[in-house]
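Working notes, beginning with the structure itself.
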Amino acid sequence: MLRRRCASSMANNAAKYESHKLKTPTTTASAAAAAALGGAVTIPRASTHTRTVSVQSGRSLQQKFYENRILDRYTAQEPKKVTLRQLVLFGRQLTEAKLIASANYVRSELPVRLAHRISDFQYLPYIAGTNPHLKMVYDLYWRAFDEFRKFPVIKSLNDNRRFCDNVKTNLLEHSQVIPQLGMGVAECANLVSPEEIDRFMHQMLVSRISRRTLSEQHIALSEQFDQDLRAHLGLTASEGFTEMSAAPPGFASHRIGIVRADCSVAQIINDCAMHVASIYEDAHQLPPGTAPQVIVEGHTNATFMCIPAHFSYIVHELLKNATGHVIARFASRLESDSAAEVATKPGEPLFPAIRVTICSSHSDIVVRVSDEGGGINPEILPYIWSFTHPLKAKCLHNFHSVHRMEARVDEDDAVPPLMSFGFGLPMSNVYAKYWGGSVNVHSLPGYGVDAYVQLPRLGNVVENIANRRAHIASDS
């Protein structure tokens, strides 16, 4: 399988990229130097321990051939996709045998999904592959692939605990993947077609969500199982796992991990609305309660099966966009004494309300977010789903000031809440499409925006992920 361009094309592209690097700032000098010299890049972590990612530029051709032969064995395998309903049903009546089976499924599935994404890197134009940020992500993925494929078969609860520790470390290290991808594609925006990079980013992020879903679900089931086992055995939280090397006959836990079988749509919306309001009130030094009110209407008792963190991210991004545009359109009201007057006249809002309508059918949940923020700039509207269009280049460069990002609502400590990356809508669409849904936006020029989120309600839709071979076949 050919994975490289012809030598003359590579030389020309390398020259272009070196010329571009003189004009465009890249990563820190230490990371760039490490990438150039085949050294090591230190991964910033929340703990006192550090691990390093070796940059594999100095590998021999024989070693690269051997590694690609290994990779090909995994890219030849189809990902074993799951539905939310399967995750929920598996967690109920969770025994030791089922937990170990789950661990071995995740252990065998992660390297397959990583292999397909590593293959995507190898099919990028050479000029993109030389980017130090994308190269760092490649090396992170390769090392994770290598670690998981070599992890021994899990046969006991203690084996599973060691596996979970390994997965947690991997998740923490990979929290820098999104900023690195953002910086990498920002620097390649004028060198590779937007369509090619958008497709690459979509595949990277969908696969990332899928791997984190499997990992976090198994970690949650394992921790919940240990909690229930500890309580069953009458052990305190401070006692170790010596007495928990095996579960007593007949013991079972009844948990469903990170999935909610009856998630309240209105509750998620209200929680996100409160968080968004506090962000803007703090940023503009407004009295509490003066941010645009969010009115939830329609089928407010609707519930559906989902991973709350995924749905919350989508809703939060739509409400943040709506609130920001409304405040920007009526910014003149902030320059008067209106904000102070509202504190004493709660019946007279400073800004027009944002209306969120919930519609529930047997099979789907639809949420509409309507604002009066004036609509989307017609020059930007055609590119709102793009990760890399030149109009978003300045936003993408904001990733240089962010060390980690997990695309969650509750990460204000790592990501400035109002810093724009041009990333929220495309990422929201990735989350929705992953579970067979969609996000659509209709701009009403001079008035506002109606944004629609559609998601399957019953959790019976399989993960929407593609392998590399199917992707290549669709292009041919």
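Does region 193-224 hold any residues that are open to solvent by less than 10 Å² (accessible area, probe 1.4 Å), over 19 Å from V177 (Cβ atoms) and either hydrophobic (A, V, I, L, M, F, W, C) or without any contact (Cβ under 8 Å) to a residue 40 or more places away in the chain (or both), and which are they? Of everything in region 193-224, just one residue is open to solvent by less than 10 Å² (accessible area, probe 1.4 Å), over 19 Å from V177 (Cβ atoms) and either hydrophobic (A, V, I, L, M, F, W, C) or without any contact (Cβ under 8 Å) to a residue 40 or more places away in the chain (or both), namely L221.
Can you tell me which residues in region 250-269 are modelled with pLDDT under 90 and open to solvent by 70 Å² or more (accessible area, probe 1.4 Å)? Listed by number, the residues that qualify are G250, H254, R255. Taken over region 279-316, residues that are at pLDDT below 95 and part of a helix (DSSP H, G or I) amount to 5. Filtering region 384-403 to residues that are within 19 Å of Q203 (Cβ to Cβ) and open to solvent by 70 Å² or more (accessible area, probe 1.4 Å) leaves only W385.
Taken as a whole, region 362-373 holds at least one residue that is open to solvent by 20 Å² or more (accessible area, probe 1.4 Å), closer than 25 Å to Q285 by Cα and assigned to a loop (DSSP other than H, G, I, E, B).
Of all the residues in region 214-265, those that are under 30 Å from V453 (Cα atoms), acidic (D, E) and touching a strand residue (DSSP E or B) at 6+ places or on another chain (Cβ under 6 Å) number 1. When region 77-91 is filtered for residues that are among the aliphatic types (A, V, I, L, M) and free of Cβ contacts under 8 Å to residues at least 40 places away in the same chain, only L89 remains. For region 225-249, residues that are touching a helix residue (DSSP H, G or I) at 6+ places or on another chain (Cβ under 8 Å), open to solvent by 30 Å² or more (accessible area, probe 1.4 Å) and assigned to a helix (DSSP H, G or I) total 3. In summary, helices (runs of 4 or more DSSP H) completely within region 62-162 and bearing 1 or more residues that are within 30 Å of D262 (Cα to Cα) and modelled with pLDDT of 95 or more occur at 84-91, 96-122.
Condition check ((1) over 17 Å from V276 (Cβ atoms); (2) open to solvent by 30 Å² or more (accessible area, probe 1.4 Å)) across all residues:
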| residue | (1), (2) |
| --- | --- |
| F423 | no, no |
| G436 | yes, yes |
| L455 | yes, no |
| A466 | yes, yes |
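Test each condition in (1) over 18 Å from the mean Cα position of the chain (by Cα); (2) open to solvent by 20 Å² or more (accessible area, probe 1.4 Å); (3) in contact (Cβ under 8 Å) with a residue 60 or more places away in the chain for M136 and report the one that comes out false. Every listed condition holds for M136 apart from (1). Checked against (1) more than 19 Å from the chain's Cα centre (by Cα); (2) crowded, with 20+ Cβ neighbours inside 10 Å; (3) closer than 29 Å to A432 by Cβ, L110 meets all criteria but (1).
The values are calculated or read from the model by the stated rules, or taken from the named source; none is laboratory data. Bear in mind the structure is a predicted one, so any value in this text is a computation, not a measurement. Positions of Cβ are backbone-derived with ideal geometry, glycine not excepted, and every protein chain shown enters the neighbour counts. Ligands, DNA and RNA are stripped out before the accessible areas are found, and what is left, the full protein with its side chains, is counted by its heavy atoms. Shrake-Rupley method; radii C 1.70, N 1.55, O 1.52, S 1.80 Å.
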